[in-house]
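Asks: Pasting a structure below so you can have a look.
Bear in mind that the values in this text are calculations on the coordinates, not laboratory data. All values reported here derive from a predicted model rather than from experimental measurement. No Cβ is skipped: glycine too gets one built from the backbone with ideal geometry, and neighbour counts run over all protein chains shown.
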Amino acid sequence: MNMNKPLIKALKHVNFLSGKIGTEAELKKHRKLTEWVGRLGTPKGDVVRTRFRVGKIRCEETKPLFAHDPNYVILYCHGGGYVIGGLDLAGLMSTKLAMATGFTVISFNYRLAPEHAYPAALEDAVNVWEYLTKDMFAADHVLVGGDSAGGNLALCLTQKLAAEGKALPRQLLLFSPWTDMTGTAPAYEEHKKDDPILSGEFVMDAAKAYILDADPTDPRFSPLFGDFANFPPTYIMAGRNGILVDDSIRLKERIEACGSKAVLDIEEKGWHVYPQMPLPMARKAMERLAAHVTKEIYGADHIGGHHGK
């Protein structure tokens, strides 16, 4: 395993998404740290960020200044275990996605647990989806993205739309998605020392806060166990050393078993949501994503957009 050990050590020291969140003080600390990381890590320039509201939901539009295609939009769901994160954290990956694809990205401040357990976040996602698809964009011109718990939310939103017979997104773009809330995958133990971002303890505390005493195998929370028949094409990006890497591998297998299309991009040196980091491998990851989106949308091999940093 050839990783940057000093960087791993530094990231673990920051304690971004690790440790306990069982008390109000612990949760408050994590929320403050997460927003600080988002503000610090968001690339500067090359986009215009504008905040607005959909009803009571605070949202942000991130529009690229170069190679902008206004015909498509990405609805982005931020990570944070459903318990932390907001527009500042969302801005990090929203900016990178806008610069990589040339599409406007819409992120939103969904309600967080434990104050607002399931289905609050999903309800907010549905409301923003309906806002975008009512008069602004056809569903097949909307891509849905998300990292970690945001990947979970993107999947659950799409499965809910499918179950209700509604039009589905053009495709999904997922970064280390949390697909299985049982916490039983081998990667939790295998990579607990390798993943500098996320810990199993944080994941299980977050799951309890979000679903309370419900069955974690319920597809409403663990979309891995849901239906992927006629599902939109899904691009999954994960790091080999992330504790949720099995969630990505099994998601691809499950989607394909249902007859739908999935692409899995695993970075052997990466970890949980590694594309958010200011590292060469993150820049290369966004270039691969840009090439994938360009080919899927335009049917061409040229790379559009202004690549993320």
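Asks: Using only the alpha-carbon atoms of the chain as identical scatterers, what base-10 log of I(q)/I(0) does the Debye formula give at q = 0.06, 0.12 Å⁻¹?
Replies: Values, matching the q order: -0.16, -0.71.
Asks: Quick check: the distance between the Cα centres of the stretch 261-287 and the stretch 237-256, to the nearest angstrom?
Replies: 13 Å
Asks: Quick one: which residues, 5 or more positions from MET237 or on another chain, have an amide H under 5 Å from its amide H? H modelled 1.01 Å from N in the peptide plane, none for Pro or chain starts.
Replies: LEU174, PHE175, SER176, ASP265
Asks: Measuring from centroid to centroid over Cα atoms, what is the spacing of the stretch 46-96 and the stretch 140-205 in Å?
Replies: About 18 Å separates the Cα centre of the stretch 46-96 from the one of the stretch 140-205.
Asks: Sticking with this one: Suppose only helical runs count, i.e. DSSP H with n ≥ 4. What mean residue ellipticity at 222 nm does that imply for the chain under -39500 (n - 2.57) per run, divided by all residues and rounded to the nearest 500 deg cm²/dmol?
Replies: -12500 deg cm²/dmol
Asks: Moving on. To the nearest 20 Debye, how big is the dipole of the chain about its Cα centre, given +1 on the beta carbon of each Lys and Arg and -1 on that of each Asp and Glu?
Replies: Rounded to the nearest 20 debye, it is 1020 debye.
Asks: Please name which of THR42, PRO223, ILE249 has its Cα lying farthest along the dipole of the chain towards the positive end, using unit charges on Cβ (Lys, Arg +1; Asp, Glu -1) and the Cα centre as origin.
Replies: THR42
Asks: Could you line up CYS156, CYS59 from fewest to most neighbouring Cβ atoms inside 10 Å?
Replies: In order of increasing Cβ crowding within 10 Å: CYS59, CYS156.
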